[in-house]
1. Got a number for residues in region 130-178 being modelled with pLDDT of 90 or more and among the hydroxyl-bearing types (Ser, Thr, Tyr)?
2. From Phe87, Phe97, grab the single residue that is closer than 27 Å to Leu170 by Cα and open to solvent by 70 Å² or more (accessible area, probe 1.4 Å).
3. Please specify each residue of region 54-69 satisfying the condition of being in a helix (DSSP H, G or I), modelled with pLDDT of 80 or more and open to solvent by 60 Å² or more (accessible area, probe 1.4 Å).
4. Could you check how many residues of region 300-324 are under 16 Å from Leu370 (Cβ atoms) and among the aromatic types (Phe, Trp, Tyr)?
5. Going through Val119, Val75 one at a time, which residue ends up being under 17 Å from Glu186 (Cα atoms) and in contact with a Leu (Cβ under 8 Å, 6 or more places away or on another chain)?
6. Quick one: count up the residues across region 261-320 that are in a loop (DSSP other than H, G, I, E, B) and at negative phi.
Amino acid sequence: MKRNNLSIVNKTVQSSPAVKQPKLGFYTSLNQTYMYTICLDWGSLPHHVVLQIFQYLPLIDRAHASSVCRRWNEVFHIPDLWRKFEFELNQSATSYFKSTHPDLIQQIIKKHAAHLQYVSFKVDSSTESAEAAWDILSQLVNCSIQTLGLISTAKPSFMNASKSYFVSALIVVFVNSKSLSSIKIEDTPVDDPSLKILVANNSDTLRLLKMSSCPHVSSDGILCVADHCRGLRELALNYYILSDELLLALSSETHVNLEHLRIDVVSENPGQNEFHSIKKHSWDALIKHSPGVNVVMYFFLYEEEFKTFFKEETPVTHLYFGCSVSKPILGRIGLNCPRLIELVVCANGLQPLDNELICIAQHCKNLTALGLSECEVSCSAFIEFVRLCGRRLTQLSIMEEVLIPDDNYSLDEIHTQVSKYLGRVWFPDVMPIW
């Protein structure tokens, strides 16, 4: 009906003698003038405006836009546009992610390598992608990179590639940049000798180093970094290379205040690891030197492997348990972690954590965030925990199945009491059913 009505209206307008039909040439000329004006306006935009627009575009769209006109092509080659770049290296047969085109990679290396300052490599799980990243790294000779990041989107493919090839490519960057301030090389075969080269060329500028899960690095290698890179403010490493000597080196008078220390505690051989202990005086020295440091610990251990930890006061601020953690360990945390800010327990078992949570609330006066999943807490104990912590609990993520109804409170009543003590509306998290 609508289509017929529109057809009638069009016929009426066309056949009406009162409506004068303009010549087709008039509209053509007008459209050409209008389009010319638009193109002229876009083409005459100042370089800094086009530069801002280009910075929001993906590389492939940026390359297409550079062919629109000469001015846009000039902007495409402005050094500021090439200071930050992420190489995406994926194999089409095994990954759905797009990959940076090889021709564009070669163009970047030939024309813009000297401009690169913030570089990252995002690779899939294939060895071919990791080797492609090493090949690019080895060609970044005339560059002054400030930040370098190596990211595996799936399993750590960097570990599957040739160690010698990787180290030689990394050394190219370490030697030629001389201004590296941030390095993220987790899950890579970096080793002690390459770290010494890093220190020899970038000791004055290095501020952040993330190198968890680097099995070829020893405690001596990371100690060399701490001894010479006195400006280091953020460090991420595995527990097996953490030592009293390292903490004391980070606490020396000539070292800047450490801001963030992340420690991954991972079991390589379940049930067979015996973890060394860190002395209390080493932790005390670090906190005295850097009182505001965040000490973050990620645990991926089995219950029987925790016996070394939290026997003495530990200045940890953020605790994440990815595997099962026992009731006694949580009890120790309440007594020996007074700086604790955030606690996340992903799994515990079927024993209620009532007393342990209340102990943590009583002794950890800085606690502001709690996450619980796959464990059990009675509704009464949980409400008492929230009452003790009060409104300082800014983040409270509790799965509904964690809360066990008791004689005092049901699941329908708990959100009212918790909301009252928090000063805001709160409900437990619910697992969605798809």
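1. Qualifying residue count for the region: 5.
2. Details: Phe87 fails: open to solvent by 70 Å² or more (accessible area, probe 1.4 Å).
Result: Phe97 is the single residue among Phe87, Phe97 that is closer than 27 Å to Leu170 by Cα and open to solvent by 70 Å² or more (accessible area, probe 1.4 Å).
3. Asp61, His64
4. 2
5. On the way: Val75 fails: under 17 Å from Glu186 (Cα atoms).
Within the list Val119, Val75, the selection yields Val119.
6. Of region 261-320, the ones in a loop (DSSP other than H, G, I, E, B) are 267-279, 290-293, 301-302, 306-317.
Pick out the ones that are also at negative phi and you get 267-270, 272-279, 290-293, 301-302, 306-309, 311-317.
Qualifying residue count for the region: 29.
Conditions (1) open to solvent by 30 Å² or more (accessible area, probe 1.4 Å); (2) within 15 Å of Ser378 (Cβ to Cβ); (3) of a type in the set (S, T, N, Q), marked per residue:
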position: Tyr320; (1), (2), (3): yes, no, no
position: Lys327; (1), (2), (3): yes, yes, no
position: Ile333; (1), (2), (3): no, no, no
position: Cys337; (1), (2), (3): no, no, no
position: Glu342; (1), (2), (3): yes, no, no
position: Leu350; (1), (2), (3): yes, yes, no
position: Asn355; (1), (2), (3): yes, yes, yes
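Conditions (1) open to solvent by 70 Å² or more (accessible area, probe 1.4 Å); (2) in a helix (DSSP H, G or I); (3) touching a Pro at 6+ places or on another chain (Cβ under 6 Å), marked per residue:
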site: Arg71; (1), (2), (3): yes, yes, no
site: Asp80; (1), (2), (3): no, yes, no
site: Ser120; (1), (2), (3): no, no, no
site: Cys143; (1), (2), (3): no, no, no
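The values are calculated or read from the model by the stated rules, or taken from the named source; none is laboratory data. What you are looking at is a predicted structure, and each value in this text was computed from that prediction instead of being measured. A quick note on method: Cβ atoms are made from the backbone with ideal geometry, for glycine too, and the neighbour counts reach across all protein chains shown. These accessible areas exclude ligands, DNA and RNA; they are computed on the full protein's heavy atoms, side chains included. Shrake-Rupley method; radii C 1.70, N 1.55, O 1.52, S 1.80 Å.
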